[in-house]
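Taking it in order: structure first as structure tokens, then the write-up.
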Amino acid sequence: LGEAPTRAPQAMAALIIDKLSEPIEVGPKRLHVGASVGLARLDAGLANVEDLMVNADLALYDAKRSGRGRAVVYASSLGAASRRMNTVEQALREGLHQGQFELHFQPKVDARTLQALGVEALMRWEHPTLGSISPGEFIPAAERCGLIHELGVLALQQASEAARGLPSLNVAVNVSPLQLMDPGFVDSVERILRRAGVAPQLLHLEVTESLMLEDAQAALRRLHALRELGVQVALDDFGTGFSSLAYLRAFPFHTLKIDRSFVRSLTEHADARAIVNTIVQMAGVLGMRTVAEGVESERELAVVRAIRCDEVQGYLVARPMPLRKLRDWLAGRPVTGPVDDVDSRIMPWRTTHLSAPPTTMFGGDL
């Protein structure tokens, strides 16, 4: 293989992956098969062959988890990561049954007037012994162990109950592709809204571009069914995936949420500003609203306003907070106590130092 002996296993794994990825002709059809490879080194620290197989399996799982079509060599950190993963998965079911999960809400405001338009519901988990577990950890764990549907139903129920007490605001809930691809998902949403007594228009569901990789036609049917129900659908983290104009025209999205990575670069890089400007113009042509995520400074807000993005969301306005604190924030009362690492940028509504822009702001010059 032209590699040093110590690199031969990796080279062989890469060759296997490459060969198996080639299409296979079966009659008139062309089939595609993929492969992932886990490698483990036999050394004096291993007691038996079973341990070697366990290490190889951990490496294989990591290869699948991090994108598939890859070869991963076992490292001791994978063992620690695997133990942590198992601990979180085992705690999930107990946490759901004991009511350890709670929604926090981050406001979305009109970019021009700063009037609150809605909130994004974000699940938080405070475990009695493990402490705060981030969504980036427990949501993939819920998907792996089959609890994502139960967690998703809980989020929709809590969000709908909150929407009933916030009649002037819409409430957005993130939806996993696994949830949306469940044949009973739309009926479940309808039942939850009916029991909560909430108008469907107040519920916004946020999906990611990975949804289109699963089964585009089935996803399209469910999104249209949600739209017929009256529920609005937003495409989250737009600009970081593979979305094409064909998908944007076919899928009934109401809103495009511009990923924070672009917003963060707005004040420093002209190309980022050009990209966001193009997204906003394209969304306008397609009849969609735009939300700039992760706005953290007055300068970012000024640029977002200049390119006429519809809404903003981020720490400059407010961090996510429990429902009781959100009500204080909306009423203009001081928000005290923990609010997702609360700091001085949490401001009571209508007393914030942010201001509506001057009329010249929309000429495009800063």
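The values are calculated or read from the model by the stated rules, or taken from the named source; none is laboratory data. Computed from a predicted model, the values in this text were never measured in an experiment. When we count neighbours, we look across all protein chains shown, and the Cβ atoms used for this are built from the backbone with ideal geometry, even at glycine. Only protein heavy atoms, including side chains, enter the accessible area calculation; ligands, DNA and RNA are left aside. Shrake-Rupley method; radii C 1.70, N 1.55, O 1.52, S 1.80 Å.
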Could you list, in sequence order, all residues of the stretch 174-189 that are out of contact with any Asp or Glu (no Cβ under 7 Å at 6 or more places or on another chain) and either assigned to a loop (DSSP other than H, G, I, E, B) or open to solvent by less than 80 Å² (accessible area, probe 1.4 Å) (or both)?
Gln179, Leu180, Asp182, Pro183, Gly184, Phe185, Val186, Ser188, Val189
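Listed here are the residues, each with its yes/no results for (1) closer than 27 Å to Gln115 by Cβ; (2) open to solvent by 50 Å² or more (accessible area, probe 1.4 Å).
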site	(1), (2)
Ala199	yes, no
Leu220	no, no
Ala234	yes, no
Leu266	yes, no
Ala274	no, yes
Met282	yes, no
Met288	yes, no
Ile307	yes, no
Pairs, please: C-beta under 7 Å, at least 6 apart or cross-chain, first residue touching a residue at least 24 places away in the same chain (Cβ under 8 Å) and closer than 22 Å to Leu15 by Cβ and in the stretch 49-72, second β-branched (Val, Ile, Thr) and crowded, with 18+ Cβ neighbours inside 10 Å?
Leu60/Val37; Asp62/Val72; Ala63/Val37; Ala63/Val72; Gly69/Ile17; Ala71/Ile17; Ala71/Val37
For the stretch 119-151, name all the residues that are among the hydrophobic types (A, V, I, L, M, F, W, C), more than 13 Å from Ser176 (Cβ to Cβ) and without any contact (Cβ under 8 Å) to a residue 40 or more places away in the chain.
Trp125
I need the strands (runs of 3 or more DSSP E) fully contained in the stretch 49-133, keeping only those with at least 2 residues that are within 30 Å of Pro200 (Cβ to Cβ).
101-110, 116-127
In the stretch 82-120, residues that are open to solvent by 40 Å² or more (accessible area, probe 1.4 Å), under 22 Å from the mean Cα position of the chain (by Cα), modelled with pLDDT under 95 and of a type outside the set (Lys, Arg) total 1
